[in-house]
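Student: Sending over a structure as structure tokens; questions will come in a sec.
The values are calculated or read from the model by the stated rules, or taken from the named source; none is laboratory data. These numbers were taken from a predicted model, which means no experiment stands behind them. Don't worry about glycine lacking a Cβ; one is built from the backbone with ideal geometry, like all the others, and counts go over all protein chains shown.
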Amino acid sequence: MKRVLTIALGLAVSFSALAQKKELKKAEKLINSAKYNDAYKALKAVEDQAKGTEFESYLYFLYGKNAFGKQNKKNFPNAAKFFNKVLDVELGVEKAKYSDKSLSYLKIINDHYFTTIASALAKNNFNSAGSTYEAYSKIYPERRDLMVLTLYSYQNAKNRDKVAEITEKLLKLDKDKFSYNATNKYTKREDEFFKKSERDKAVKQNTHNNPKDVKIDPKTRIDYYNVLVSAYDKKGEDQKSLALLNQAKKEFPGEVKFVEDYSTIVFKTGDKKAYIAALEDLSELKPESRDLWINLGIVNQELGSKEEAIKAYDKAIEVDSTYAGAYINKGLLIMSEEQAIVDELNKNLKNRKKHTEISEKLNAMYLNAIPAFEKAYALKPSDGIKGALINLYNATEQKEKADALK
């Protein structure tokens, strides 16, 4: 009984294989007769039975041939997908039946994209080149070079939305220290892959040879960040820019431009406290920037942090002792309470003791401000500073100095 069952089972399997082959041959005839819709239905009907069998590569080849046969370039990505599946299925198979045929079709598809791109570039139609590169890179998402060329094309086209979209993808995908390259046997050009496993698979599929690993300059990812920040900034997407710059600062803690850009965008948002924090972070990387300290002084002054503002102006003077603007800002800040003190003085005309205390306070403020204005006047004379000094000298009973300026 067992032997009969075994023979019967063997016959069933053989019949199933023959049936699959027959249905696939039928579908191929429909394709050759340009009956593409009927062919697709025939392939769909036998798909589940053919997968995982010796006819799987034949199935995918016919799917690809059917999509290609419609003579509609929009179907090329779909056709290429199936032809590439043939290569995957027959990878390592000693007697591959459909790989060479699939490669012939893929060459036609590849040539179409490169011809279209070359034509667009010849006309400086960078947007068209970008969209074609993008469509082509969707067929080969493992190819690093295609996505980079897509980005360059959209940059030249000044297509901000696409630049942002493609750069976002590159930041997620292009993280390795190496580009995994190999020579394309058909284009004779060196293709780049995101991952070593993807490059090695292409070599095994016999589409590429001469594999090599090429070290990527770390500046590449820095450029991606800069490109994307610029794209967000031009679109007015400040919060996206700040989030991205936080990510960039963590990845490249010593990169000054990221901290500078962060402080610039924070300033645009109007959050002065956050701006101060950003400038303080920047001061650790650029302590020699006098303008940074001036800005820090101004914002602290606007928030009423007088002591912090004076410290910042002093740092600017420490960096550049010839910077007249820092002395002027410091002098004006010291004098900022003058009107309030004068008003208080006038309110206490009848209170001699209080009046004397306030007068001394006012005099001390004037004396404290004079050195800053003197230095500013020596560096950059102007009628405004001279007039302020004359008034200060008279107020502090330094008549000779006041007369010398007249």
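Student: When you scan segment 162-204, how many residues do you find that are of a type in the set (Val, Ile, Thr) and within 18 Å of Ser230 (Cβ to Cβ)?
Tutor: 3
Student: Residue by residue through segment 195-215, note down the ones that are among the aliphatic types (A, V, I, L, M) and in a strand (DSSP E or B).
Tutor: Across segment 195-215, the qualifying residue is only Val214.
Student: In segment 246-286, what count of residues is obtained for those that are touching an Asp or Glu at 6+ places or on another chain (Cβ under 6 Å) and without any contact (Cβ under 8 Å) to a residue 24 or more places away in the chain?
Tutor: 0
Student: With respect to Ala326, is the statement that it is without any contact (Cβ under 8 Å) to a residue 60 or more places away in the chain, more than 24 Å from Thr396 (Cα to Cα) and buried (at least 17 other Cβ atoms within 10 Å of the Cβ) true?
Tutor: Taking the combined requirement at face value, the residue does not satisfy it.
Conditions (1) assigned to a helix (DSSP H, G or I); (2) acidic (Asp, Glu); (3) modelled with pLDDT of 90 or more, marked per residue:
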| residue | (1), (2), (3) |
| --- | --- |
| Asp38 | yes, yes, yes |
| Gln49 | yes, no, no |
| Gly52 | no, no, no |
| Lys65 | yes, no, yes |
| Phe68 | yes, no, yes |
| Gln71 | no, no, no |
| Phe76 | yes, no, yes |
| Phe83 | yes, no, yes |
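Student: Let me ask another. For segment 90-102, which residues satisfy the criterion of being buried (at least 20 other Cβ atoms within 10 Å of the Cβ) and either touching a His at 6+ places or on another chain (Cβ under 7 Å) or not polar (S, T, N, Q) (or both)?
Tutor: Glu90, Tyr98, listed by residue number.
Student: Are there any pairs with C-beta distances below 6 angstrom linking a residue in segment 354-378 that is in contact (Cβ under 8 Å) with a residue 60 or more places away in the chain and on the phi < 0 side of the Ramachandran plot to a residue that is part of a helix (DSSP H, G or I) and of a type in the set (Ser, Thr, Tyr), with the two at least 6 apart or on different chains, and if so which?
Tutor: Pairs found: none.
Student: Output the residues belonging to segment 139-154 that are surrounded by fewer than 24 Cβ atoms within 10 Å (Cβ to Cβ), within 11 Å of Lys169 (Cβ to Cβ) and among the β-branched types (Val, Ile, Thr).
Tutor: Val148
Student: On the given criteria, is Arg290 under 17 Å from the mean Cα position of the chain (by Cα) and among the charged types (D, E, K, R)?
Tutor: No.
Student: Hey, another quick one. So which pairs qualify, if the first residue must be in segment 379-406 and without any contact (Cβ under 8 Å) to a residue 24 or more places away in the chain, the second must be of a type in the set (Gly, Ala, Ser) and surrounded by fewer than 17 Cβ atoms within 10 Å (Cβ to Cβ), the Cβ gap must be under 9 Å, and the two must be at least 6 apart or on different chains?
Tutor: Listed by first residue and then by second, the contacts come to Tyr393/Ala404; Leu405/Gly387.
Student: Within segment 226-245, identify whether any single residue is under 15 Å from Val148 (Cβ atoms), outside any strand (DSSP E or B) and among the acidic types (Asp, Glu), and answer yes or no.
Tutor: No, that holds for no residue.
Student: Looking only at residues in segment 170-189 that are over 20 Å from the mean Cα position of the chain (by Cα) and touching a residue at least 40 places away in the same chain (Cβ under 8 Å), which one is surrounded by the fewest Cβ atoms within 10 Å (Cβ to Cβ)?
Tutor: Of everything passing the filter in segment 170-189, Thr187 is surrounded by the fewest Cβ atoms within 10 Å (Cβ to Cβ).
Student: Taking into account only those residues within segment 190-238 that are at pLDDT 95 or above, farther than 30 Å from Ser102 by Cα and polar (S, T, N, Q), which is surrounded by the fewest Cβ atoms within 10 Å (Cβ to Cβ)?
Tutor: Filtering segment 190-238 for residues that are at pLDDT 95 or above, farther than 30 Å from Ser102 by Cα and polar (S, T, N, Q), the one surrounded by the fewest Cβ atoms within 10 Å (Cβ to Cβ) comes out as Thr220.
Student: Working only within segment 270-291, note down all residues that are part of a helix (DSSP H, G or I) and closer than 20 Å to Asn226 by Cβ.
Tutor: Ala278, Asp281, Leu282, Leu285, listed by residue number.
Student: If you take the residues in segment 205-250 that are over 10 Å from the mean Cα position of the chain (by Cα) and acidic (Asp, Glu), which one is farthest from Leu87 (Cα to Cα)?
Tutor: Taking the candidates together, the pick is Asp238.
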